[in-house]
Structures are given as C-alpha cells and as structure tokens.
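Here's the structure we're looking at; comments come further down.
Computed from the coordinates by the stated procedures, all read-outs in this text should not be read as laboratory data. All values reported here derive from a predicted model rather than from experimental measurement. Neighbour counts run over all protein chains shown; Cβ positions are idealised from the backbone, glycine included.
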C-alpha cells in the first residue's frame, strides 16, 4: 500500500472536516436551519406531489366550485384549501405548482452557473479582447431592467415554460460571470497557481481543477440566492401571462387567473402568493446562513 | 477627472451600439412579417406588397437597414406604433412622467424608512429590534410584489375603503391640465381644492408596493455597512471622548456608512423600472411599464422595440451619472485600474 502523503487530508481527531466545520457554523444560525427545513419540505412535496396531492391538479369538480378553505365557513374537508372557480382542488394545484417553481429555479441556477463559470474563467484566463467582449455583453444585459429583458426575450421566442427558463437564465447570467471572473483573477495572481503552471499543469486542468474550487464559496452563496430570485422572476412572468401557460398550476399564473376574484374569493388569489413567499423566504434564509458559514469575510453579524 | 469621464463615456458607446443591434434584431426575430401584421386579414396584391416593402425599407440589404435604424435613433426617430400610428418617442414621453413620479416616491419611501431601520438594527445588534427588523426586511426582499399589491388592495381599498384601487387621479371629481406630467405638482398648480390629496391617495399603495424590495435592500445594506463602521477606531475615539451615542451613531458612523448605501440606491434604477412594470400593471398606473406589457398583448412590436431602447438608454445614462458622481466624491474610484 502506498502511503498517502497529501498533507491537507491528514487530520487529527480535534480538527473537523470542512463539511463538518461548515455544518457547525451553519447550525448556529437559527434562521438558516428553519429555512433549510422549509426548503427540504418544499422539495419533498415537489418530488412526491403525485402521492401527496389528493387530486390531479387539472381535475375539475364542477359540483364543488369556489369552496372556501376549511378554516372559514362552508369549508369541506375533502378540499382542505378550497377550490377555484373551475372546481380544481387548490391544495393539489399548489403542490404540483411547487414542482414547476423549483424546476425553474434549479434549472436557471444550474444553467446560468455553468455558463457563468465557463465565461468567467475564459474572460480571466484569456484576458484581452475576449475579456472585453464578454464584459461588454454582460454590461448590455445588465443595462436592460431584468423583467423588461425577460419580456423582450419571451416576446421573441414565445411564452412557455422552457422559454421562461431561457429568459431568466440570460437575465441572471452576468452575476455569475462577473463573480467568477473577479475571484478567478484574484486567484490567478497567487503563488500556488504559478507553482502549478511551473510544474506543467495544462490550462484546462489549471482552471477547472486548481483554480475553480477556490472560487466556489461565493459562487455557492450566489447560486442559493439565485434560485429564489429566479423563482420570483418566473412567477412575475407567469403573472404577466408570459410564463407557463394555463392550465399549468404555476403559482404566478394561478395568481393572475384569480385577480378578478380578489373581493369575492380572496383565498384563490392569496394562497399561491403565500406559497411563493414562503418558498422564496426559506431559500433566502438558507442563503444568508450559507453566506455566513462559507464566506468568513462577510461573517460580521 | 477629465480622463476618468472620457474613459467612462467611451465604455458606454459599445453598450449603446450593442443595444441598438439587439433591438434592431428583435423586430426581425419576432414571429410574423411586419407587412403581414399590417395588412391584416385581407389579401394583398404582389405590387402593393413590393410597394410597402420599399416604403418600409425592407428591400434594402440588412446592414443598410441597420444603419438607417441607427441614423433614425440618433435623430430621435424611434418608429411609429402599429396600433395608434403615433411616433413612439411621443407616446413614451407622454407616459414616462407617471413612471418617474411613482419611482421617485418609491425610492424616497424606501430610503426614508430603510436607512433608519438599518441604523436601529445595527445599534441594537443581536437584540430584539435587530432580529425583528431584519426578519421583516428579509420578508420584504422575498416578496412577490404583484401578490403584495393585490393583498394591499384587498385590505386597504376593498375592506377598509381607505385608498383608491387604481389610476392616478379621480377623473370624475377632478380635471386639470398636465403641465409637468407629475400629478402631485400639477394638482397643486391647478389650485383645485382636494386635488393634491386625491393624487396623494392614489400614490400611496403603488409607492409602498414598488418601494418594498428597495426598502429591504437599503435596510440590510445600511445595517451591514453600519456594523462595519462601528468597529472603526474613530468611532471608539468618539465614544471614548464622551460624545452621546446619538452623535456617535448618527453623525460619526452614519456619514461613512452611507457611502455604499448611496451607491446601491443610485444603481437600483434598473430594478426599480423592472418592478414598475408589475406595479403599474396591478394598479392600472398609466406609465411606460403598463404600456410595454400592453404592447406585447397588441403585438405592437415597434412600440416594444422603441420602449425597450428608451428605457435601457435611460438606465445606462443614470448609471453613468451615478458612476461619475461617485468618481467625483471618491478619488480612489477614478484612479482605479
């Protein structure tokens, strides 16, 4: 057996691993733990929506339209959160809606982070004209107000779920590119990079294996907050009728549908908004905790 | 300073060019030929089609069309709305004051509430005030503002009857000429009794809704910036020489803590206009945001193109001014890089 001589992995019993240290630091933040719990619950609901939801989100029970939730008069235990004007069960729709929102949030985060990392690394590594071009394009994207840019993109490629993801991804791309470029630039000037270069490490390995892991903490924080922003943005597009199209149980679109019922059946309008608020708030709480735990420079509070 | 100004100006030129290119391409990429949109349901003879193409310059090579577009923009020609046949520049500036009035009020509200909230939270760090205020701030930051607006309408207008549901002015009771386009000022100029209060009442809910997210950002930013400054030596010195806490916090610390906050406020114009799109839609506020959304519904692509061009140019110019002012008061910025 060859002896493992890589020093950083050798630890004494008192030194916790990086993951454990992170968890200890994260656990201290009560809000972050609450956020994590709620986010986990929403994720579980989204995954098991077909098991948990009492009905299909599109099933119309025409005999039970506009039922109020159980806590108000006339509520029916068969439909705990009431029904909408078409007799669709609100609870089932909200549960299936979490799938759409989380799917949008996560796909936007993954795609924009991967693209952002590649572009940011390219800009910092090549410098010169490539750096300038990438930065100018990001400046352009940022000069158009986020929702207006999303509207522009959706107007060109048409409103549906996939195009919402494309639009919101483009809107949030500059954050990742700029963050990645800035931290890669500061890492590239450090001694360990020079050492790696001297020992003959190729550029691809240098960027993705040597430099990238050291830039990860701020990226992870940005990614967590990016998920919640993407969910809000997509819900806004849905509300304007430019996102997922009815009858899909998308929270923003459900809200827009219920606008006219604001006085007569306020719960149909209120519930999807509460779902959005709880999800986004929980992710942001978690993101704040992540930031405090991962980024010691920002850990002041 | 002059070199800094030149460099910053030079940086915006490519951005503007790219913006022109993107909006130019947009009208080419949307489904539906502009001629087909115009001719409507009825058929059209091939001669008339060619004539129309020539009129609109669509028979020219694309680069020529782009140059014509840029030339037009530079001369203030942003195209003509398909629906109303009015010049887009005219339509835009007819509606823009409403958006400006709403945005300025929202920003004022956010600043006047957000900075004190952040200062209180920082000076009571970890305490009940701090936790409550920051909890509210994070909720505000996570708020889907279209839902928030509807809930406020439900409570304030429909249930309590305190504020009007939509619009800028009660047209049944008041009519006054638009002088500045800002209702708060126009209503005062008109001298009609109650007109100013009416305009103010219409503004309250939209201002709160549009101001919520910036308020949360400003409060959080002020708090973290204050916490940083409160650890500085000169704050300790000020405390040590026996200055009362309100002077230490309110003057010594706050002045320096506000620098990053002011930058955030200045650079929030873009997100404010994005929020205005939703706010105006909810409250039927006749501004450019609502107009933009309606243009999509009407497939009025020239209006969409011109509107996006104008809004983005506005954001670029405001950000440029913020940058330049910042460079003016902070020499470290101008000499960086």
GNM flexibility winner over chain A from A:65, A:194, A:37 (Cα, springs under 10 Å):
A:194
What is the order of B:225, A:112, fewest Cβ neighbours within 10 Å to most?
B:225, A:112
Could you check the simple spin-label distance between residue A:50 and residue B:74, using points 7 Å along Cα→Cβ, in nm with one decimal?
6.0 nm
Relative contact order (%) - chain A, alpha-carbon pairs under 8 angstrom, separation at least six:
23 percent
Size of segment A:11-125 along its principal axes in angstrom, Cα-based, largest extent first?
65, 39, 22
Only Cα pairs within less than 10 Å get springs; with that Gaussian network setup on chain B, which residue of B:206, B:14, B:97 has the largest fluctuation?
B:14
Fewest Cβ neighbours within 10 Å first, please rank A:154, A:198 accordingly.
A:198, A:154
For peptide A:276-283, the mean count of other chain Cβ atoms within 10 Å per residue Cβ is 4
Can you give me the distance in nm between label points at residue B:239 and residue B:67, each placed 7 Å from the Cα along the Cα-to-Cβ direction?
6.8 nm
Tell me, what is the FRET efficiency for residue B:54 and residue A:24 to the nearest 0.05, using R0 = 60 angstrom and their Cβ-Cβ distance as r?
0.25
With Cα atoms, 0 to 90° folded angle of helix B:195-230 axis to chain B main axis
50 degrees
Can you compute the FRET efficiency between residue A:195 and residue A:126 using 1/(1 + (r/R0)^6), with r the Cβ-Cβ distance and R0 = 25 Å? Round to the nearest 0.05.
0.70
Taking Cα pairs under 8 Å and at least six residues apart, what relative contact order does segment B:238-337 come out at, in percent?
21 percent
Would you compute, from DSSP H runs of 4+ residues alone, the mean residue ellipticity of chain A at 222 nm, taking -39500 (n - 2.57) per run and dividing by the full residue count, rounded to the nearest 500?
-22000 deg cm²/dmol
Please state the shape class of the protein assembly as shown: rounded when a/c is under 1.5, otherwise prolate if a/b exceeds b/c and oblate if not, all from the C-alpha gyration tensor.
rounded
Once you have the Cα-Cα distance between residue B:17 and residue B:329, take 0.36 nm times their residue separation minus that, and quote the gain in nm to one decimal.
109.4 nm
For residue A:63 and residue A:245, what does the FRET efficiency come to when R0 = 41 Å and r is the distance between their Cβ atoms, rounded to the nearest 0.05?
0.95
Sequence of A:27, B:255, A:178 once ranked by neighbouring C-beta atoms within 10 Å, starting from the fewest
B:255, A:27, A:178
Is chain B best put as rounded, prolate or oblate by its Cα gyration tensor, with a ≥ b ≥ c the root eigenvalues, rounded for a/c under 1.5, and otherwise prolate when a/b is larger than b/c, oblate when not?
oblate
Considering only C-alpha atoms, what is the centroid distance from segment B:141-201 to segment A:29-74, in Å?
36 Å
Quick check: residue separation of residue B:197 and residue B:25 times 0.36 nm, minus the Cα distance between them. What number comes out in nm?
57.3 nm
So, in Å, what gap is there between the alpha-carbon centers of segment A:158-234 and segment B:271-329?
29 Å
Relative to the longest principal axis of the C-alpha atoms of chain A, give the angle of the C-alpha long axis of helix A:30-47, reported between 0 and 90° and rounded to the nearest 10°.
60 degrees
Partner chain Cβ atoms within 10 Å, averaged over the residues of B:134-144 - can you pull that number for me?
6
Given labels modelled 7 Å from the Cα in the Cβ direction, how far is it in nm from residue B:159 to residue B:284?
2.3 nm
Counting each DSSP H run of 4 or more residues in chain B as -39500 (n - 2.57), what helix-only mean residue ellipticity at 222 nm follows after dividing by all residues, to the nearest 500 deg cm²/dmol?
-23500 deg cm²/dmol
Other chains near A:207-216: what is the mean number of their Cβ atoms within 10 Å of each residue's Cβ?
0
